[in-house]
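In what follows, a structure is listed as structure tokens, so that the remarks can point back to it.
Nothing in this text is a laboratory measurement; each read-out follows from the coordinates by a stated rule. Please read these numbers as outputs of a predicted model, since none were measured by experiment. Note that each Cβ is placed from the backbone with ideal geometry, even for glycine, and that neighbours are counted across all protein chains shown.
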């Protein structure tokens, strides 16, 4: 059995919905069993780890091959508190990490080396390539982000009342160019009004807001916030969420996205005159119906969490341990 570690901290942010989606897909596999530590136990174990980490050899991960325990955790950041206390126990450890930015490489290396992680799955192909040799014998693999299509909805274009949406970290240069012209023309433009302000604070509002959106602006953080991301240009959930909600995606397509889709699903942003480009797209929105439908079909048929978990299973489960037909009931569309 694979022990899936659920977050013991009980904290919530809309970004953690990505983790929850993947976990739901995993838990449809009969070989996966959820475990969750008490918050108090996790915090005490973390303090214990802080004392032990000065001498990592005291942590019994070196005996992992001699045990039958398998632990898997999905993280937004290399936050070891969310792995406690199980990563202090002997066993095979696997980690799926969604945000692997250059400024976290040190923490990622410490996590892998201290706890003898056997498999590290990263959502960034660039990060996976850069860390693969340094983290041997840990097997580092690229597993891009995905989506749970049934958790989203869509509306026909006639019922979409949000013209332009810029979720998450705002691209200030673009925002300043759009704000006044779109307002003057009566266009509905939603964006992060203040730093860390969440446009849609609840999951229900988020799903509904995407369904009501015509144009979703998606730009990699390597462009919007290069001080954090460096050269990491990654396929993020925002692209997939927008496509599943049948938005027209405007911005820049990461190389990963084009490679996975086999075509560019994004209308590339014209920074020379983004206002005129957006107004033109809104005027001819129905002309992009074929692209919107193609993107939706590509995501739902090839880029769900079912597909990602299937790829991970080939790494974490020994050959010959695949479940019988009908046992691995993962969502598919």
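Region 95-146 and region 241-316 have their alpha-carbon centroids 26 Å apart. With the convex hull constructed from alpha-carbon coordinates only, region 191-315 shows a mean projected area of 9.4 nm² over all directions.
Using only C-alpha positions, report the orientation-averaged shadow area of the convex hull of the chain, nm², one decimal. Show your work: numbers first, answer last.
On the way: hull surface 71.1 nm².
Projected area, direction-averaged: 17.8 nm².
Mean separation of Cα pairs under 8 Å and 6 or more residues apart, divided by the residue count, gives region 103-251 a relative contact order of 26 percent. Quick one: check the C-alpha center-to-center distance for region 193-214 versus region 175-191, whole angstrom. Here the answer is 17 Å between Cα centres. Considering all different alpha carbon pairs of region 115-212, the Kirkwood hydrodynamic radius works out to 16.9 Å. Taking label positions 7 Å along the Cα-Cβ direction at both residue 173 and residue 47, the computed distance is 4.8 nm, reported to one decimal. When only Cα pairs below 8 angstrom with a gap of at least 6 residues are kept, the chain shows a relative contact order of 17 percent. Say we join alpha carbon atoms closer than 10 Å with springs in a Gaussian network model of the chain; which of 23, 241, 277 then has the biggest fluctuation? Among 23, 241, 277, the largest GNM mean-square fluctuation belongs to 277.
Per residue, the chain reaches -10500 deg cm²/dmol at 222 nm when only DSSP H runs of four or more residues are counted, each adding -39500 (n - 2.57).
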